[in-house]
Amino acid sequence: MENNAKTGTIKKAIVRSTINIVTYIVIVGVVVVGLPKFLSWSLNTPYPMAAITSGSMWPVLKEGDLVFIQGVSRSELKVGDIIVYRNADGAGFTIHRITKLKEDTLITKGDANFMDDSPVKYENVVGRSYQIFGKYARLPYLGFVTVYATRK
Amino acid sequence: MDDQQNNEKKAKFSISSLGASVKGLGAKARGWIEKTAGAPMKTREKVIGIIVIVIFFFAFYVTLDANKYSSLVRVIEGDGKVGVNPTADALDFGDLSRGTSAVRRVDIENGTPIPMYIAIIKTGRIGELTKIDKNYFTLGAHEKTKIEFTVYMPASAQIEDKYKGRVYLFKIPTFGLTR
């Protein structure tokens, strides 16, 4: 009789632990897989987040920041926007501010730089840095993982 | 009957207090722990307690022994202008115009026979403009080295702005565990 009660308690504990583990796995899965998909959908871009790997946009965006990128059409772009674009050589992305809009290309410059960048084709623009209440949405230090991975 | 019981309790109490005073401070401390925790400490808890205390004092010593430097730079108008203040007490980078940089070197020496792990941490607004040639490294016994701090003034720096911060140089004894 007592043995049956003990076995029942152990079974209940095992079931409870299994349910807890499955719940945690589901939560982690939703956050890891679901959050980027949700951001991609809500910000209308395949690259919803970007890490700042240099100080070229200091002090607006600092090295190690994680910023949100919003997909935009060509007509929505204006001088002063901070945009993300694919580099012409295909190696990585750059986040800089638009200084001039031309017919086929646009010119950008890092705030901390003295020189303009090479002209960027409109089709290479990935998106614009997302703003909340007029301020650039950034998560300090969360981009350092990417910064270290880039350097190694 | 009640008086007799009270007398017995008092007697027991007086004996235990006498025992505590004879055994000294250790016994008093044990008594305090027992009273606070409601049970005597197990050997496992004593070991964990000692480890926590040792770690705390180690961290306290490392923090207290750290070299602290205040660091500052002022942005001035013009091209290629640099004005360095020759102070040894602080990492003063003087006046820099946009596009210029200044370097300060700090000599450190490990005068002990124990190798030290050196960790340099920069804080404040100037920290974002400062590059250090080596942040984390091990300094062997009786070894010397130079650390270079470089501040570059970017195009987006505000004229007449002062950027301040602090640099902490922690020396952690490694006892030969790292190279």
- request: Output the number of residues of segment B:98-128 satisfying the condition of being in contact with a Phe, Trp or Tyr (Cβ under 7 Å, 6 or more places away or on another chain), assigned to a strand (DSSP E or B) and within 14 Å of chain A (Cβ to nearest Cβ).
  value: 2
- request: Provide a single number: the residues in segment B:129-158 that are within 14 Å of another protein chain (Cβ to nearest Cβ) and in a loop (DSSP other than H, G, I, E, B).
  value: 8
query: Within the bounds of segment A:63-86, is there any residue that is among the basic types (Lys, Arg), within 19 Å of A:LYS135 (Cα to Cα) and exposed (fewer than 13 other Cβ atoms within 10 Å of the Cβ)?
result: yes
query: Counting only residues that are among the charged types (D, E, K, R) and assigned to a helix (DSSP H, G or I), which one in segment A:54-93 is farthest from the other protein chains (Cβ to nearest Cβ)?
result: A:ARG74
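Being among the small types (Gly, Ala, Ser) and under 18 Å from A:TYR141 (Cα atoms) is the filter; apply it to segment A:29-53 and report the residue that is farthest from the other protein chains (Cβ to nearest Cβ).
Taking segment A:29-53 and keeping what is among the small types (Gly, Ala, Ser), we get A:29, A:34, A:40, A:42, A:50-51.
Within this subset, residues satisfying the condition of being under 18 Å from A:TYR141 (Cα atoms) are A:50-51.
On the way: A:ALA50: 19, A:ALA51: 16 Å.
Among residues in segment A:29-53 that are among the small types (Gly, Ala, Ser) and under 18 Å from A:TYR141 (Cα atoms), the one farthest from the other protein chains (Cβ to nearest Cβ) is A:ALA50.
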query: Out of segment B:29-66, which residues are free of Cβ contacts under 8 Å to residues at least 12 places away in the same chain, surrounded by 13 or more Cβ atoms within 10 Å (Cβ to Cβ) and assigned to a loop (DSSP other than H, G, I, E, B)?
result: B:MET41
- prompt: So which residues in segment B:109-122 are closer than 19 Å to B:GLY176 by Cβ and either modelled with pLDDT under 90 or aliphatic (A, V, I, L, M) (or both)?
  reply: B:ILE114, B:MET116, B:ILE118, B:ALA119
- prompt: Pairs, please: C-beta under 9 Å, at least 6 apart or cross-chain, first residue farther than 20 Å from B:ASN135 by Cα and in segment B:152-179, second of a type in the set (Lys, Arg) and assigned to a strand (DSSP E or B)?
  reply: B:ALA155/A:LYS109; B:GLU160/B:ARG74; B:ASP161/B:ARG74; B:LYS162/B:ARG74; B:TYR163/B:ARG74
field: Breaking point among (1) closer than 26 Å to A:MET57 by Cα; (2) outside any loop (DSSP other than H, G, I, E, B), for B:TYR69
entry: (1)
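Which of the residues that make up segment A:101-130 are free of Cβ contacts under 8 Å to residues at least 40 places away in the same chain and over 15 Å from A:TYR85 (Cα atoms)? Steps first, please.
Quick first cut of segment A:101-130, residues free of Cβ contacts under 8 Å to residues at least 40 places away in the same chain only: A:101-109, A:114-121, A:123-124.
Hits for segment A:101-130 are A:LYS102, A:GLU103, A:PHE114, A:MET115.
Hey, any hits in segment B:82-90 for a residue that's at pLDDT below 90, under 26 Å from the mean Cα position of the chain (by Cα) and of a type in the set (Gly, Ala, Ser)? Walk me through it before giving the result.
Taking segment B:82-90 first, the residues at pLDDT below 90 are B:82-90.
Subset that is under 26 Å from the mean Cα position of the chain (by Cα): B:87-90.
Retained after the next criterion (residues that are of a type in the set (Gly, Ala, Ser)): B:88, B:90.
Yes; the residues of segment B:82-90 include at least one that is at pLDDT below 90, under 26 Å from the mean Cα position of the chain (by Cα) and of a type in the set (Gly, Ala, Ser).
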field: Scan of segment A:131-149 for residues that are over 17 Å from A:GLN70 (Cα atoms), touching a residue at least 40 places away in the same chain (Cβ under 8 Å) and out of contact with any Leu (no Cβ under 7 Å at 6 or more places or on another chain), ordered by number
entry: A:PRO140, A:TYR141, A:PHE144, A:VAL145, A:THR146, A:VAL147
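Check B:GLU77, B:GLU109 and return the single one that is in the same structural domain as B:ALA157 (by TED's automatic domain parsing) and either within 30 Å of A:LEU61 (Cβ to Cβ) or among the β-branched types (Val, Ile, Thr) (or both). Quick ask: steps written out before the conclusion?
On the way: B:GLU109 fails: either within 30 Å of A:LEU61 (Cβ to Cβ) or among the β-branched types (Val, Ile, Thr) (or both).
It is B:GLU77.
Let me confirm something: among A:THR146, A:THR150, which residue is over 16 Å from A:LYS78 (Cα atoms), away from every other protein chain (no Cβ under 14 Å), within 13 Å of the chain's Cα centre (by Cα) and of a type outside the set (A, V, I, L, M)?
Numbers: A:THR150 fails: within 13 Å of the chain's Cα centre (by Cα).
Residue meeting the stated conditions: A:THR146.
The values are calculated or read from the model by the stated rules, or taken from the named source; none is laboratory data. Being a predicted model, the structure only gives us computed values, none of them experimental. Positions of Cβ are backbone-derived with ideal geometry, glycine not excepted, and every protein chain shown enters the neighbour counts.
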